[in-house]
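Worksheet: one structure, shown below.
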Amino acid sequence: MKNNLVARLFLRFAKIMNLAFGNALRTGCRYCIFLPYCKLNKSQVLLFKRNSDLNEYIAKKRAEGIKIGFVPTMGALHAGHISLIKLCRRDAGLTVCSIFVNPTQFNDPSDYEKYPNTLRSDVDLLANAGCDVLFLPTITEIYPDGLDLTNSPIPLNGLDKQLEGASRPGHFQGVAQVVKRLLDLVKPDLLFLGQKDFQQVLIIKKMIRHFQIPVDIIQGAIIREPNGLAMSSRNLRLSRDAREKAGVIYEALSHVKEHYGKIECDVLIARAKEMILEKLEGATIDYLLIADSETLMERDSNNNREKVLLAAVWVEGVRLLDNIILTNE
Ligand code: AMP
């Protein structure tokens, strides 16, 4: 009788330990609820789910004089994200990556619901890339006061209403709010962002200037699939055929870059659009234009500032973004 009770108590204890530790290690820490952090997949990546635990850990590292680098992401990681992790490892002593699919930046609820989740492979990629810390917060950790952001918009000088902002109202307010919140939590010295989301980098710079956040931004180059298509988590939603053909977007952008300054811009833009629509049947081009790389005003040619060619193309219900810097040599 007594032995039986001891055996049952032991089994229950073992089950709790397995939930708290075993599954945590195997599954990307879904059950890691009793620990401030845990190690993932026998690697050195430490997983944090709570702000307070992350804060404490990073504060300790900072006190040791270690430079903190931060790569915010929404997961479904690919080589583009990993290139930022590598830059971060090059420049910082502690590499922190966050995975948080931010609901407030999706103006289309089905886009949010369909956003790919590949946590297990994300963890492997981060481990192989030598990431130190993964922050995987819940929605309530990030938004303890709820998701309504309309009371405290961040002034973005209308930059949030152009291009991506025109097609996705509220998107950049959501981006600016979540990055502000993450920067408040992580307090990094360096923030790593991809050129792939060109307008997003400008928005985040504006937000950082507005709040005078002491962080330096390092921009990583666009990483592409072998056919030239800019890597994106959303590419997973394309059919194999469309994904292959979508390489034409980069071909079209490269065509404009090659002839920029030699052939009239209108002609180049028209040809680039033709190239895309010829190859990608059923695609629609939301915009494909040349803009000032600071103001994003279309062909703001009154100055010698750098110009960028930006494109947003809908393919099979997926919005594909790309851009290329143009130089007038
Ligand atoms: P996301 O997970 O899409 O929010 O992206 C997280 C970060 O990775 C952002 O700074 C993106 O600009 C960057 N990123 C996304 N795709 C690429 C890519 N193909 N090459 C380089 N950086 C990228």
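Residues of the range 78-120 that are more than 13 Å from the ligand (Cβ to nearest atom) and of a type in the set (Gly, Ala, Ser): 92, 93, 110.
Counting the residues of the range 146-168 that are touching a residue at least 12 places away in the same chain (Cβ under 8 Å) and β-branched (Val, Ile, Thr) gives 1.
When the range 122-172 is limited to residues that are open to solvent by 20 Å² or more (accessible area, probe 1.4 Å) and touching a Leu at 6+ places or on another chain (Cβ under 7 Å), the one that is farthest from residue 82 (Cα to Cα) turns out to be 162.
From the list 217, 222, 203, which one is part of a strand (DSSP E or B) and within 16 Å of the ligand (Cβ to nearest atom)?
Numbers: 222 fails: part of a strand (DSSP E or B); 203 fails: part of a strand (DSSP E or B).
From the options 217, 222, 203, the qualifying one is 217.
Six or more apart or on different chains, Cβ under 9 Å: which pairs go from a residue in the range 223-237 that's within 10 Å of residue 322 (Cβ to Cβ) to one that's within 6 Å of the ligand (Cβ to nearest atom) and of a type outside the set (Gly, Ala, Ser)? Could you list them? Qualifying pairs under 9 Å: 224/231; 230/196; 230/222; 230/223; 232/196. Taking every residue in the range 266-277 that is at pLDDT 95 or above and pairing it with any residue that is open to solvent by 20 Å² or more (accessible area, probe 1.4 Å) and of a type in the set (Asp, Glu), at least 6 positions away or on another chain, the pairs with Cβ-Cβ distances below 7 Å are 275/251.
Can you pull out every residue in the range 252-301 that is of a type in the set (Asp, Glu) and in contact with a Leu (Cβ under 6 Å, 6 or more places away or on another chain)? Lay out the reasoning, then the answer.
Within the range 252-301, the subset of a type in the set (Asp, Glu) is 258, 264, 266, 274, 278, 281, 286, 292, 294, 298, 300.
The one that is of a type in the set (Asp, Glu) and in contact with a Leu (Cβ under 6 Å, 6 or more places away or on another chain): 298.
Being modelled with pLDDT of 95 or more, in contact with a Phe, Trp or Tyr (Cβ under 7 Å, 6 or more places away or on another chain) and crowded, with 18+ Cβ neighbours inside 10 Å narrows it down to one residue among 229, 280, 288, 253; which is it? If you could, list the steps in order and put the result at the bottom.
On the way: 280 fails: in contact with a Phe, Trp or Tyr (Cβ under 7 Å, 6 or more places away or on another chain); 288 fails: in contact with a Phe, Trp or Tyr (Cβ under 7 Å, 6 or more places away or on another chain); 253 fails: in contact with a Phe, Trp or Tyr (Cβ under 7 Å, 6 or more places away or on another chain).
Being modelled with pLDDT of 95 or more, in contact with a Phe, Trp or Tyr (Cβ under 7 Å, 6 or more places away or on another chain) and crowded, with 18+ Cβ neighbours inside 10 Å holds for just one of 229, 280, 288, 253, which is 229.
In the range 52-77, the qualifying residues are those that are β-branched (Val, Ile, Thr) and more than 13 Å from the ligand (Cβ to nearest atom), and the one that is farthest from residue 99 (Cα to Cα) is 66.
Which of the residues that make up the range 45-87 are of a type in the set (Gly, Ala, Ser), assigned to a helix (DSSP H, G or I) and open to solvent by 40 Å² or more (accessible area, probe 1.4 Å)?
The initial filter retains those residues of the range 45-87 that are of a type in the set (Gly, Ala, Ser), namely 52, 59, 63, 65, 69, 75-76, 79-80, 83.
With assigned to a helix (DSSP H, G or I) added as a condition, the list becomes 52, 59, 63, 79-80, 83.
Within the range 45-87, 52, 59, 63, 79 meet the criteria.
Where in the range 240-310 are there helices (runs of 4 or more DSSP H), lying wholly inside it, with at least 3 residues that are closer than 21 Å to residue 202 by Cβ and touching a strand residue (DSSP E or B) at 6+ places or on another chain (Cβ under 6 Å)? Step through it out loud before you land on a result.
Details: elements: 240-245, 248-259, 265-279.
So the answer is 248-259.
The values are calculated or read from the model by the stated rules, or taken from the named source; none is laboratory data. Because the structure is a prediction, the values reported are computed rather than measured. All Cβ positions, even for glycine, are placed from backbone atoms using ideal geometry, and neighbour counts span all protein chains on display. Remember, those area values only see protein heavy atoms, side chains included, never the ligands or the DNA or RNA. Shrake-Rupley method; radii C 1.70, N 1.55, O 1.52, S 1.80 Å.
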